[in-house]
Amino acid sequence: MAGVRGQGRKFDLENSLEKAMFAFWRHGYDGTSVATLTREMGINAPSLYAAFGSKEGLFLAAVEYYNNGRGSFMQRAFDEEDSAPALIRRLLYEAAETYTHTDGPGGCLVIGSASRVSEAGQQVADRLRDIRNANIDRLESHIRADIDAGALPPTTGPRAVAEFVGVIVQGMSHRARDGATTEALRRVAATAWDSVRVLLGET
């Protein structure tokens, strides 16, 4: 990717975003200072502000970079699965795999990087909350569509199922960050999937 000009220093945008992503992922939004970011990215503060406007702007760019790369499994699942049961099963098992990759801090950047923030970071926390809630809403819509099409029984509670899956996936992220293994989270996914099948009226 082409470099970005910033206060007399040219740097590679993709490489810089990856380094910023890992810094925020490891330390959280509040725990990552501008000094840490410039050191990790190998640039100076004027270059950072010229390219991204602010620490918040850099963080949101890093989140987008994450969602288009390491965190893209969720978007791909939503795009590629036609039925709600297949979508849910894929989300559960791919979360177990993705969140336990050993080449990163573990867990999910969107779930873990701004769970507790100062007042200055509240806007960032709200933005991530909206992303997480949008995923729950989207899953609910998929389940509701299957009910309307007759693929799932009308007694299915689409919001309850979507919330249950969201709680499990977010919990898996936290457990991965605490060191849970892929195999451990696969077992969680299997147990959760058995429960979801009951909730969906599957045998």
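No lab work stands behind these numbers, since they all come straight from the coordinates. Not measured: the values here are computed from a predicted model. For neighbour counting, all protein chains shown are included, and Cβ atoms are generated from backbone atoms with ideal geometry for every residue, glycine included.
Couple of notes before you dig in:
- Neighbour counts of other Cβ atoms within 10 Å put Ile43, Ile147 in the fewest-to-most order Ile147, Ile43.
- Where the alpha-carbon atoms of the stretch 7-67 are placed on the principal axes, they occupy 29, 21, 17 Å, in descending order.
- Cβ-based charge dipole, the chain, positive-most Cα from Tyr66, Val161, Ala189: Tyr66
- Within the stretch 66-151, the trypsin sites (Lys or Arg not before Pro) that combine a DSSP coil assignment with at most 13 other C-beta atoms in a 10 angstrom radius are Arg116.
- FRET efficiency, 1/(1 + (r/R0)^6) with R0 35 Å, evaluated for Leu13 and Arg129 via beta carbons: 0.80
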